[in-house]
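Step one of this worksheet: look at the structure below.
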Amino acid sequence: MENNNVSKILSDWLDSYLNFERLPKKNIFWLDTIEFLCNRLNNPQNSYKSIHIAGSKGKGSVSAFVSSIIREAGFSCGLYTSPHIQHLIERITEAGKFFPEKVYDDAFHEMVPRVESIIPEQLPNEREITWFELITLYSFLCFKNAGCTWAVFETGLGGRLDATNIIKPEMCIITPIELEHTEYLGNTIPLIAAEKAGIIKKDTPVFVSRQKREALEVFKTKAAQMNAPLYYFDDFVRSLEYDLPVYKKNNCDTMKVRIDCGSLFSRPLETKLCLIGKVQAENASLAAAAVKHIMPDISEEVIERGLSKAELPGRFEITNNPYGTNKMVLDGAHTSNSLCGTIETFKKTFGNGNLLFACAEDKDMNALVHVILDADCPFHKVFLTRPGELKKSDLGRLSEYFFDYLSTRDDLKDKICCIVEADYKKAIENAMREAGESGEQLLVTGSFYLVSEVKQTLSAFLSNKDE
């Protein structure tokens with residue numbers, strides 16, 4: 001099967017199972033079902049060494065950096081991330097590169113009959129199997145069949161009861177915590193941090209990024225309970241310098257970084273990253289230090305090359321606007337802090353531009369609007385829409401928040417033109433065309449689902465152009 005066909009066949013099969021990514025529900029997280037499934041397939045998750053990564057933002061990027069370094073060191077390293085942008089098997093790769101088709105095909109044919117032959121009464125508490133449990137099981141099988149030496153797993157939602165949390169990792173990494181998915185994880189930073197801290201294992205080192213004080217205290221307490229050595233970002237990163245690309249000067253798609261972790265390395269690391277922004281410089285530092293800790297013999301040159309080769313779709317991804325010679329930036333930022341970082345990077349890289357924005361209904365829309373309409377807002381036109389068909393949204397409430405706050409901003413209300421379009425396909429087309437014809441750079445953000453729809457529009461545009 002071709003990779004696209006694998007994605008389609010797998011996706012069609014999975015869609016017959018409960019999918020909480022599309023329709024979230026409370027009190028639906030547990031580990032006994034994935035344990036049952038893995039036992040049924042001889043525990044493929046134990047066939048390789050693993051690293052487990054949780055957090056509210058940046059976990060996908062850190063996962064990409066870690067797996068890329070390990071692959072550059074000469075090991076086959078599986079990478080399991082979410083969500084995907086265009087094709088389902090983007091979630092299951094060898095450090096961002098697709099495995100041979102046979103790996104996906106064999107795992108599919110190994111998994112399906114073993115799952116379909118399960119008698120419902122055999123399942124723990126007779127619960128239905130979920131979509132995420134099955135895609136996680138599939139990743140375990142793919143990495144086993146590919147003969148991976150290592151695998152890096154990004155959690156889905158939370159950590160403590162996430163389906164990935166049955167692995168026995170060599171190391172855990174926790175990225176910044178924000179108020180997110182509060183209906184399911186808790187409505188305070190300590191409560192959410194406690195869910196993420198659930199990945200910390202006994203006697204297993206844990207690397208922690210910069211955190212709010214109340215989150216860090218949770219991690220320190222949990223690590224002490226588990227006798228897990230904890231390494232905090234500010235304790236091992238001595239200095240960090242980065243040089244954002246400025247398109248008016250050099251039209252460059254990479255960012256120079258210099259990372260000084262003191263005695264952990266024989267010298268500071270210097271490399272260029274395809275993933276751009278201050279937060280990506282921090283993510284790269286975290287990943288480099290973590291890998292060096294468990295692979296002390298790895299050279300600085302290998303780590304630098306690994307960092308430079310890491311890629312991840314939808315993270316400040318710069319592409320061409322088909323309606324002009326200017327650029328588009330695609331970023332799935334959907335929390336206040338991540339959106340703030342994305343807009344700040346956009347301003348420093350491009351200056352001003354236009355914005356295409358959508359978000360799911362469970363996001364803090366009011367906070368996101370305040371980030372967009374910051375005192376130094378760089379946008380001339382803002383297009384508000386829905387993030388697609390798969391994720392529930394509330395465009396009416398989003399636009400109400402936007403116009404209510406804009407009306408209080410005398411410095412902005414006469415400078416920003418806002419267009420609300422419920423048809424996301426029209427909104428995408430209009431935003432791209434307007435930016436292209438006016439020579440504006442376009443930022444697309446607020447949801448990975450919106451980024452996915454834009455990528456599909458770009459693919460269709462290029463296909464039609466080739467015909």
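The values are calculated or read from the model by the stated rules, or taken from the named source; none is laboratory data. Keep in mind it's a predicted model, so treat the numbers as computed, not measured. Cβ sites come from the backbone with ideal geometry, for glycine too, and all protein chains shown count toward neighbours. Surface areas here come from the heavy atoms of the whole protein model, side chains and all, with no ligands, DNA or RNA. Shrake-Rupley method; radii C 1.70, N 1.55, O 1.52, S 1.80 Å.
Considering the range 181-209 alone, what residues qualify as being charged (D, E, K, R) and at pLDDT 95 or above?
Matches in the range 181-209: E195, K196, K201, K202, D203.
Among the candidates T271, T254, single out the residue that is closer than 30 Å to Y449 by Cβ, of a type in the set (V, I, T) and surrounded by fewer than 22 Cβ atoms within 10 Å (Cβ to Cβ).
T254
Residue by residue, here is whether (1) modelled with pLDDT under 95; (2) surrounded by fewer than 23 Cβ atoms within 10 Å (Cβ to Cβ); (3) under 17 Å from G58 (Cβ atoms) holds:
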residue	(1), (2), (3)
L286	no, no, yes
I294	no, yes, no
E301	no, yes, no
E311	yes, yes, yes
P322	yes, yes, no
N326	yes, yes, no
A333	yes, no, yes
D374	yes, yes, no
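Among the candidates G156, G147, which residue alone is among the small types (G, A, S), open to solvent by 10 Å² or more (accessible area, probe 1.4 Å), assigned to a loop (DSSP other than H, G, I, E, B) and touching a helix residue (DSSP H, G or I) at 6+ places or on another chain (Cβ under 6 Å)?
After ruling out the rest, the residue left standing is G156.
Quick one: which strands (runs of 3 or more DSSP E) sit completely within the range 162-267 and have at least 3 residues that are in contact with a Lys or Arg (Cβ under 7 Å, 6 or more places away or on another chain)?
It comes to 239-243, 255-260.
Across the range 407-424, what is the total count of residues that are surrounded by 14 or more Cβ atoms within 10 Å (Cβ to Cβ) and either of a type in the set (D, E, K, R) or modelled with pLDDT of 95 or more (or both)?
Residues meeting the conditions: 7.
Looking at S63, S67, S56, S139, which one is within 30 Å of L450 (Cα to Cα) and in a loop (DSSP other than H, G, I, E, B)?
S56
Which of the residues that make up the range 125-136 are surrounded by 13 or more Cβ atoms within 10 Å (Cβ to Cβ) and in a helix (DSSP H, G or I)?
Passing the criteria: W131, F132, E133, L134, I135, T136.
So for the range 210-229 (the condition being surrounded by 14 or more Cβ atoms within 10 Å (Cβ to Cβ), modelled with pLDDT of 95 or more and touching a Ser or Thr at 6+ places or on another chain (Cβ under 6 Å)), does at least one residue qualify?
Scanning the range 210-229 turns up at least one residue that is surrounded by 14 or more Cβ atoms within 10 Å (Cβ to Cβ), modelled with pLDDT of 95 or more and touching a Ser or Thr at 6+ places or on another chain (Cβ under 6 Å).
Tell me the residue from I200, I166, I174, I192 that is closer than 26 Å to F36 by Cβ and either of a type in the set (D, E, K, R) or open to solvent by less than 10 Å² (accessible area, probe 1.4 Å) (or both), please.
Residue meeting the stated conditions: I200.
Checking E453 against (1) part of a helix (DSSP H, G or I); (2) out of contact with any Gly (no Cβ under 8 Å at 6 or more places or on another chain), which test does it fail?
Every condition holds for E453 apart from (2).
List the number of the failed condition for N187; all other conditions in (1) touching a residue at least 60 places away in the same chain (Cβ under 8 Å); (2) over 21 Å from A288 (Cα atoms) hold.
Tallying (1) touching a residue at least 60 places away in the same chain (Cβ under 8 Å); (2) over 21 Å from A288 (Cα atoms), N187 fails exactly one: (1).
I'd like to know if the range 349-359 contains one or more residues that are part of a loop (DSSP other than H, G, I, E, B) and either more than 20 Å from the chain's Cα centre (by Cα) or within 21 Å of K415 (Cβ to Cβ) (or both).
Yes: one or more hits.
Look at the range 433-467 and say how many of its residues are in contact (Cβ under 8 Å) with a residue 60 or more places away in the chain, open to solvent by less than 60 Å² (accessible area, probe 1.4 Å) and within 21 Å of H334 (Cβ to Cβ).
Count: 16.
With the requirement that a residue be free of Cβ contacts under 8 Å to residues at least 40 places away in the same chain and of a type outside the set (K, R), what does the range 338-372 give you?
Of everything in the range 338-372, those that are free of Cβ contacts under 8 Å to residues at least 40 places away in the same chain and of a type outside the set (K, R) turn out to be C340, E361, M365, N366, A367, V369, H370, V371, I372.
Residue check: is I276 β-branched (V, I, T) and either in a loop (DSSP other than H, G, I, E, B) or surrounded by fewer than 19 Cβ atoms within 10 Å (Cβ to Cβ) (or both)?
Judged against the criteria, I276 is a match.
For the subset of the range 381-400 comprising residues that are among the small types (G, A, S) and part of a loop (DSSP other than H, G, I, E, B), which member is farthest from the chain's Cα centre (by Cα)?
By that ranking, first place goes to S393.
For every residue, the table says whether it meets (1) modelled with pLDDT of 95 or more; (2) surrounded by fewer than 18 Cβ atoms within 10 Å (Cβ to Cβ); (3) β-branched (V, I, T); (4) closer than 14 Å to A163 by Cα.
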position	(1), (2), (3), (4)
A54	yes, no, no, yes
F65	yes, no, no, no
S68	yes, no, no, no
S76	yes, yes, no, no
P83	no, no, no, no
L88	no, no, no, no
F99	yes, no, no, no
